[in-house]
Amino acid sequence: MRDAVRQATLAELAEHGFRGLTVENVAARAGVHKTTVYRRWGSAEGLISDALELAGGEPWPIPDTGGVEGDLRGVVQLVRSGFADPELGPVSSAFVAAAVQSPEAARALHDFFAARHDQSAEVVRRAIVRGELPGGVDAREVIRVAVAPVYYRLFVAHEPVSEQDADRAADAALAAARAGVL
């Protein structure tokens with residue numbers, strides 16, 4: 001049942017966004033009674049939190065190109081392409097919108113990002129082992145600095161993010177890491 005409700009939540013988010021997400025519609029789409037959904041998830045925010053919790057535990061395809069530049073660019077391109085994807089993009093954007101409007105969703109999104117950043121930081125940890133970056137580099141911070149421009153362009157400036165924009169963001173984070181700033 002949890003997976004059916006999660007899939008229904010994701011489908012509703014893709015079609016209607018956070019503002020259009022209702023327990024009733026999720027329950028109908030999942031084929032369960034709305035009181036069951038209310039009892040277990042409580043609200044639309046609870047549905048969002050649960051979907052993000054499940055997503056945070058899913059594996060993230062960490063690039064392994066053999067070098068930190070390609071790996072870091074790969075991580076940022078994964079983020080960019082996720083938002084550009086016709087199916088995943090609207091859902092991902094709805095999660096961000098929900099986090100702006102709901103403290104519960106914001107906590108869930110924070111935890112989701114923490115898990116993704118920790119997984120992605122593997123590219124930086126490998127670079128340290130290979131001697132490409134200094135040992136004192138904060139691997140998670142490199143990831144956060146690398147992906148931040150993607151989120152800024154999408155959700156603050158409302159601009160598209162090209163492959164070149166994503167590569168530039170990765171390169172800037174890499175330069176900062178090599179300079180000892182991160």
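With protein chains left intact and a 1.4 Å probe, residues in the range 131-182 average 53 Å² of accessible area per residue. Just going by the charge dipole of the range 133-182, with Lys and Arg at +1 and Asp and Glu at -1 on Cβ, which of L174, G136, V147 is farthest out on the positive end? Towards the positive end, the residue furthest out is G136.
Among the protein heavy atoms of the chain, carbon and sulfur supply 54% of the accessible surface, probe 1.4 Å, non-protein parts ignored. Structural size metrics of the range 113-182, computed from C-alpha coordinates, are Rg and Dmax of 12.4, 38 Å.
Farthest towards the positive end of the charge dipole of the range 74-144, among the residues A115, A84, A105, is the Cα of A115, using unit charges on the Cβ of Lys, Arg, Asp and Glu. For the range 16-171, relative contact order (Cα pairs under 8 Å, six or more residues apart, normalised by length) works out to 26 percent.
Think of each Lys and Arg Cβ as +1 and each Asp and Glu Cβ as -1; about the Cα centre, that makes the dipole of the range 1-138 roughly 280 debye.
Orientation-averaged projection of the range 58-182 equals 7.6 nm² [convex hull of Cα atoms, one quarter of hull surface area].
Summing Cβ point charges (Lys, Arg +1; Asp, Glu -1) relative to the Cα centre of the range 120-168 gives a dipole of roughly 180 debye. The residues of the range 1-95 expose on average 48 square angstrom of accessible surface per residue, using a 1.4 Å probe on protein heavy atoms. The angle between the Cα long axis of helix 163-178 and the longest principal axis of the Cα atoms of the chain comes to about 60 degrees, rounded to the nearest 10.
The values are calculated or read from the model by the stated rules, or taken from the named source; none is laboratory data. Every value quoted in this text rests on a predicted model; they were computed, and no experiment measured them. Please note: Cβ atoms are built from the backbone with ideal geometry, for glycine as well, and neighbour counts cover all protein chains shown. Heads up: the accessible areas ignore ligands, DNA and RNA and are worked out on the full protein's heavy atoms, side chains in. Shrake-Rupley method; radii C 1.70, N 1.55, O 1.52, S 1.80 Å.
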